[in-house]
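Have a look at the structure below before the remarks.
The values are calculated or read from the model by the stated rules, or taken from the named source; none is laboratory data. Computed from a prediction, not measured in an experiment: that's the story for all the values here. Here the Cβ is made from the backbone with ideal geometry for all residues, glycine too, and neighbour counts use every protein chain on show.
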Amino acid sequence: MTIKTLTWTHSDRTITDDSESSIAEVFDGDIMSLADNWPQNLVTSTLIVPCGHHKGADPEPSADLLAQWSQDSWEPFNEAVEELVALAASKNTQLVILPGAGGRLSDAICTVTWANAHPDIPLLIDPARWLTPSMMTDLSDHLIRSASLCLEIPKIWGVVLRSVQTDSDGHLIHAPIGEGLISDELLNRTIRTIPTQRRIECL
């Protein structure tokens with residue numbers, strides 16, 4: 001399988017190839033807000049939509065968060081995804097979902113289960129988005145487990161290669177490849193083992 005290497009500058013919303021042509025855009029919002037805020041003047045035919053946002057902190061057991069992760073939350077989420085897939089098709093746009101902690105696809109297990117129930121919807125996999133500060137003591141184990149589970153995802157659009165670091169508040173923030181807490185050797189043993197047609201190097 002030929003693997004394309006793409007680039008995603010963390011402060012940018014566009015993923016580019018080695019000729020700096022735009023390949024995909026990342027929506028500045030999440031799945032539940034996209035229908036009412038469809039971006040105008042898209043420069044690509046692929047739109048990547050995050051599944052929730054978080055600041056790299058460990059989730060707090062608040063009533064709102066527990067409600068978000070409850071079984072009742074899946075029906076409106078799935079309905080929103082179905083609506084968005086149809087909306088994207090009407091605009092000749094491919095919709096790609098980006099899972100992450102703080103959203104309904106908050107970990108690898110949840111993502112695999114959902115993806116197998118929706119095998120036609122492509123996902124952009126960024127294992128670092130599933131990490132929270134409490135996982136750092138067992139970082140290698142978490143990444144190994146996530147990479148192994150990703151083998152069961154039926155439609156992976158691409159895999160993000162990056163690292164994380166801890167800020168002054170103890171939150172996890174982005175770090176480029178070769179920096180932060182995920183070493184290049186650990187990337188080789190985990191994230192780089194996930195089969196994909198596209199690897200996205202996040203700078």
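Which one is nearest to Arg199 (Cα to Cα), of the residues in the stretch 24-44 that are under 18 Å from the mean Cα position of the chain (by Cα) and in contact (Cβ under 8 Å) with a residue 40 or more places away in the chain?
Initial filter on the stretch 24-44 (under 18 Å from the mean Cα position of the chain (by Cα)): 24-34.
Retained after the next criterion (residues that are in contact (Cβ under 8 Å) with a residue 40 or more places away in the chain): 24, 26, 30-32, 34.
Numbers: Ala24: 13, Val26: 15, Asp30: 22, Ile31: 23, Met32: 27, Leu34: 25 Å.
Within the stretch 24-44, the match that is nearest to Arg199 (Cα to Cα) is Ala24.
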Q.
Going residue by residue through the stretch 86-101, is there one that turns out to be at pLDDT below 90 and not in a loop (DSSP other than H, G, I, E, B)?
A. no
Q) Which numbered condition trips up Asp126, out of (1) within 15 Å of Cys51 (Cβ to Cβ); (2) loosely packed, with under 14 Cβ neighbours inside 10 Å? A) (2)
(Q) Take the residues in the stretch 144-165 that are out of contact with any helix residue (DSSP H, G or I) (no Cβ under 6 Å at 6 or more places or on another chain) and part of a helix (DSSP H, G or I); name whichever of them is surrounded by the fewest Cβ atoms within 10 Å (Cβ to Cβ). (A) Ser148
Q.
Could you tell me how many of the residues in the stretch 7-22 are over 15 Å from the mean Cα position of the chain (by Cα) and buried (at least 19 other Cβ atoms within 10 Å of the Cβ)?
A. 0
Q: Determine whether the stretch 173-181 contains at least one residue that is crowded, with 21+ Cβ neighbours inside 10 Å, within 17 Å of the chain's Cα centre (by Cα) and hydrophobic (A, V, I, L, M, F, W, C).
A: no
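Among the candidates Ser163, Ser106, Ser168, single out the residue that is among the small types (Gly, Ala, Ser) and over 18 Å from the mean Cα position of the chain (by Cα).
Details: Ser163 fails: over 18 Å from the mean Cα position of the chain (by Cα); Ser106 fails: over 18 Å from the mean Cα position of the chain (by Cα).
Only one candidate passes the filter, namely Ser168.
Considering Asp17, Asp64, which residue is of a type in the set (Asp, Glu) and modelled with pLDDT under 85?
Numbers: Asp17 fails: modelled with pLDDT under 85.
Answer to the selection: Asp64.
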**Q.** Top-ranked residue in the stretch 6-22 [being without any contact (Cβ under 8 Å) to a residue 40 or more places away in the chain and outside any loop (DSSP other than H, G, I, E, B); ranked as nearest to His174 (Cα to Cα)]
**A.** Thr14
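Does the stretch 110-129 hold any residues that are part of a helix (DSSP H, G or I), out of contact with any helix residue (DSSP H, G or I) (no Cβ under 6 Å at 6 or more places or on another chain) and not charged (D, E, K, R), and which are they?
Step one: of the stretch 110-129, the residues part of a helix (DSSP H, G or I) are 110-117, 127-129.
Then keep just the ones that are out of contact with any helix residue (DSSP H, G or I) (no Cβ under 6 Å at 6 or more places or on another chain); that gives 110-111, 113-117, 128-129.
Once the filter is applied, which keeps residues that are part of a helix (DSSP H, G or I), out of contact with any helix residue (DSSP H, G or I) (no Cβ under 6 Å at 6 or more places or on another chain) and not charged (D, E, K, R), the stretch 110-129 yields Cys110, Thr111, Thr113, Trp114, Ala115, Asn116, Ala117, Ala128.
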